[in-house]
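K.L.:
Structure provided below as structure tokens; questions to follow.
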Amino acid sequence: MAASPRPVPELPWGWRSMWVIAMFDLPVDTPKERKAYARFRKSLLADGFTMAQYSVYARHCASIENAEIHVTRMGKCVPDDGEVRFMTITDKQWERIRIFVGKTRRSAPPSPAQLELFWCAIIEKT
């Protein structure tokens, strides 16, 4: 009689959910480069990223698969003369971020308790 395979343990939510961090250096010397910078930044914001600090944006994702979708999508928006690094970390790792402002320690912003859904309504003029 063959042994049944071991069940795969369910991972806690904090190890399944991910954060995608985008860190970038984009040239802004010419009007064309500034426009490309602004377009990339707006693409990040439209995709649900929020600014953590200058040139560092973060987005919460429900899973590594979902994080990969966002990394791939934003990777296609990188300007020709720019460099962007995407890093994925677990929610548990995100919790361990320590933020210092001057000499005073500030706690990290809370993680979303569940998958957040956003509702957009389009209103037509009649």
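K.L.:
Quick check on my filter: what residues within segment 41-80 are among the charged types (D, E, K, R) and either more than 19 Å from VAL28 (Cα to Cα) or crowded, with 16+ Cβ neighbours inside 10 Å (or both)?
P.N.:
Filtering segment 41-80 for residues among the charged types (D, E, K, R) gives 41-42, 47, 59, 65, 68, 73, 76, 80.
Answer for segment 41-80, where residues must be among the charged types (D, E, K, R) and either more than 19 Å from VAL28 (Cα to Cα) or crowded, with 16+ Cβ neighbours inside 10 Å (or both): ARG41, ASP47, ARG59, GLU65, GLU68, ARG73, LYS76.
K.L.:
In addition: For segment 71-126, give me each residue that is modelled with pLDDT of 80 or more, part of a loop (DSSP other than H, G, I, E, B), of a type in the set (D, E, K, R) and farther than 25 Å from TYR37 by Cβ. Walk me through how you get there before you give the answer.
P.N.:
Our first condition is that a residue be modelled with pLDDT of 80 or more; within segment 71-126, this holds for 71-102.
Then keep just the ones that are part of a loop (DSSP other than H, G, I, E, B); that gives 76-82, 96-98, 102.
Filter once more, so that each one left must be of a type in the set (D, E, K, R): 76, 80-81, 96, 98.
Those that are modelled with pLDDT of 80 or more, part of a loop (DSSP other than H, G, I, E, B), of a type in the set (D, E, K, R) and farther than 25 Å from TYR37 by Cβ: ARG96, ARG98.
The values are calculated or read from the model by the stated rules, or taken from the named source; none is laboratory data. None of the values given here were measured: they were computed from a predicted structure. Virtual Cβ from ideal backbone geometry, glycine too; neighbours counted across all protein chains shown.
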